[in-house]
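The values are calculated or read from the model by the stated rules, or taken from the named source; none is laboratory data. Everything numeric here is computed off the predicted structure, so don't read it as measured data. We place every Cβ from the backbone using ideal geometry, glycine too, and count neighbours over all the protein chains shown. Accessible surface is based on the protein model in full, side chains and every heavy atom, while ligands, DNA and RNA are left aside. Shrake-Rupley method; radii C 1.70, N 1.55, O 1.52, S 1.80 Å.
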Amino acid sequence: MSETTTFRPAERHLAGLTARAEKRALLWIAPRVPGRVTSDHLTLLGLAGMAACGALYAASGQHPWLLLLVNVGLAVNWLGDSLDGTLARYRHVERPRFGFYVDHLVDAFGALFVLGGLALSGLMSPLVAAGFLVAYYLLAIETYLATYAIGRFKISWGPVGGTELRILLATVNAFVLFRPRVVVGGDAWLVFDVLGALAAGALATLAFVAGIRGTRALARAEGWAPPLGTDRGPAGSARRVALVEGEALSLV
């Protein structure tokens, strides 16, 4: 039996606020996609959307109205990034390993494009953008490690997933168009700096807490010797696996 045949995709965990509505929309769109359009085309479309967002952000410091076009780029990214997997499953041409690898490689570059564009725009300080990017990558690394070691892929954290983040970012863009700074503690701060610092702290905290819980659960399942007379044999092994799936994955 080939390696491809025996591969088992990780369990997907998606519980965002818009998850159900998004799924219904994607299932409605998939049968209506022209046959010449493939999942790979949609993946590239999603990447192009993020690249466009980065370029538009970079120019929006001089031309603030371009922030509205950033929202168009976010919509294009959502369509490509969300629909590619749904289309592959609808057409029964899934490539789970290829899709997982490429999609999240694209996500990594997409974050770089967006935050790089913001740093160049003057609407976000380069230091805040760099801190946000590092925090995002830390959480992404923890998520992908957990996908491999534990077998469950978290697409959303609590009620927030990729679609919710896009909606939030589009809302902030519209706000910044009219008010790029807010007063905090008597000083005027860039809106993107305030929100970027808060988001970076939240992502870093999630990565830290998830890492600690995942490490503890895996250590108890594989590395810590159980007390004498307990958790030995197949039944004990099954209990340790259940521990990993219960403790390490219930992170938020």
| request: For region 100-142 and region 168-195, compute the distance between their C-alpha centroids and round to whole Å. | output: 19 Å
| message | Rounded, prolate or oblate for region 1-150? Axes are the square roots of the Cα gyration tensor eigenvalues, ordered a ≥ b ≥ c, and the cut-off for rounded is a/c under 1.5. | response | oblate
| said: Net charge around residue 27, counting only other residues with Cβ within less than 15 Å of its Cβ (Lys, Arg = +1; Asp, Glu = -1)? | reply: +4
| query | Between rounded, prolate and oblate, where does region 101-178 land on the alpha carbon gyration tensor, with a ≥ b ≥ c its root eigenvalues, rounded for a/c under 1.5, else prolate if a/b exceeds b/c? | reply | prolate
| In region 22-141, what percent of the accessible surface is made up of carbon and sulfur (1.4 Å probe, ligands and nucleic acids excluded)? | 73 percent
